[in-house]
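Comments concern the structure below.
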Amino acid sequence: MDNVSIVVDDLAAAKAFFTELGLELEGEATVEGSTVDRLLGLEGVRSDIAMMRTPDGHGRIELTEYLTPSSRDGDPRAPTNTLGAHRIMFAVDDIADILDRLRPHGAELVGEVVQYENSYRLCYLRGPAGIVVALAEQIG
């Protein structure tokens with residue numbers, strides 16, 4: 001897999017959120033033109049993108065803010081069992097620390113922090129544009 005793309009309505013807020021989570025900005029660009037239009041099946045595309053890299057260098061998230069055409073509204077509070085891709089999970093060393101650092105960036109717990117057997121502490125949280133992020137802290 002090369003990357004996962006997430007459409008956001010505030011690129012700066014999304015970059016700050018994922019930077020606080022530990023990802024690094026790899027690069028930014030504005031994309032537009034007939035090739036982009038044909039690729040996406042849309043007309044008049046102009047979007048700003050930011051490529052974020054995981055600390056281990058193996059995973060990337062492409063954050064995309066469409067300037068034109070406007071993004072269709074989604075349900076930022078869609079339940080976690082909604083069809084389609086809806087969350088990204090990250091392994092972390094300290095869930096409590098990450099939650100404390102992400103809350104100023106709009107992060108809210110979806111449910112609770114739970115312990116799964118004697119293996120993991122887990123939680124789901126919502127970030128910018130309703131993005132659902134899962135955190136897993138290995139404990140056993």
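Each value in this text was obtained by applying a stated rule to the coordinates, not by laboratory testing. Just so it is clear, the structure is predicted and the values come from calculations on it, not from any experiment. Cβ atoms come from the backbone with ideal geometry, glycine included; neighbour counts cover every protein chain shown.
Do any GluC sites (Glu not before Pro) in segment 18-87 lie in a DSSP loop with no more than 15 other beta carbon atoms within 10 Å, and if so, which? Intermediate values should be presented prior to the final figure.
On the way: sites: Glu20, Glu24, Glu26, Glu28, Glu32, Glu43, Glu62, Glu65; in loops: Glu43.
Sites meeting the loop and neighbour criteria: Glu43.
Using helices alone, what [θ] at 222 nm do you get for the chain, with -39,500 (n - 2.57) per DSSP H run of 4 or more residues, divided over all residues and rounded to the nearest 500? It would help to have the intermediate numbers written out before the result.
Numbers: 3 runs with 25 residues, N = 140.
It lands at -5000 deg cm²/dmol.
How large is the dipole of the chain about the Cα centre if only Lys and Arg carry +1 and Asp and Glu carry -1, each at its Cβ, rounded to the nearest 20 debye? The partial results should precede the final answer.
Working: 12 positive and 24 negative charges, 54 e Å.
Its charge dipole is roughly 260 debye.
Can you give me the relative contact order of the chain as a percent, contacts being Cα pairs under 8 Å and 6 or more apart? Don't skip to the answer; put the middle values down first.
Working: 260 pairs, mean separation 32.5, N = 140.
Relative contact order for the chain comes out at 23 percent.
Charges at C-beta only: +1 for Lys and Arg, -1 for Asp and Glu. How large is the resulting dipole of segment 58-140 about its Cα centre, in Debye rounded to 20? Display every interim value, and only then the final one.
Working: 8 positive and 12 negative charges, 48 e Å.
Dipole about the Cα centre, nearest 20: 240 debye.
Could you list the residues of segment 60-74 with an amide nitrogen less than 15 Å from a label point located 7 Å from the Cα of Arg46 in the Cα-to-C-beta direction?
Answer for this model: 65-71.
Give me the distance in nm between label points sitting 7 Å out from Cα along the Cα-to-Cβ direction at Asp9 and Ala96, one decimal.
Distance between the two pseudo-spin positions: 3.4 nm.
Suppose every K and R has +1 on its Cβ and every D and E has -1 on its Cβ; what is the size of the dipole of segment 4-68 about the Cα centre, in Debye to the nearest 20? All intermediate terms of the calculation are to be shown ahead of the outcome.
Working: 5 positive and 13 negative charges, 32 e Å.
Computed charge dipole of segment 4-68: roughly 160 debye.
Lys/Arg Cβ at +1, Asp/Glu Cβ at -1, dipole of segment 4-68 taken about the Cα centre: which of Ala16, Thr35, Leu67 is farthest positive-ward?
With unit charges placed on the Cβ atoms, the residue in question is Thr35.
Collect residues whose amide H, placed 1.01 Å from N in the peptide plane, falls under 5 Å from the amide H of Leu67; neighbours closer than 5 in sequence don't count.
Amide H to amide H, under 5 Å and 5 or more residues apart or across chains, Leu67 pairs with Arg46, Ser47, Asp48.
Per-residue HN-Hα couplings for segment 55-63, Karplus 6.51 cos²θ - 1.76 cosθ + 1.60 at θ = phi - 60°, whole Hz, x for Gly and Pro?
Computed from phi, the couplings for segment 55-63 are x, 7, x, 9, x, 9, 10, 9, 8 Hz.
Taking every Cα atom in the chain, find the radius of gyration and the maximum pairwise distance Dmax, and write them in Å.
16.1, 53
Connecting C-alpha atoms closer than 10 Å in a GNM of the chain, tell me which of Ile88, Ile49, Ile61 has the biggest fluctuation.
Between Ile88, Ile49, Ile61, it is Ile88 that shows the largest mean-square fluctuation.
Mind giving me the FRET efficiency for Asp56 and Leu109? R0 is 25 Å, r the Cβ-Cβ distance, nearest 0.05 is fine.
Working: r = 26 Å, r/R0 = 1.02.
FRET efficiency, Asp56 to Leu109: 0.45.
Compute the acute angle (0 to 90°) between the alpha-carbon long axis of helix 11-20 and the principal axis of greatest extent of the alpha-carbon atoms of the chain; round to the nearest 10°.
Rounded to the nearest ten degrees, it is 30.
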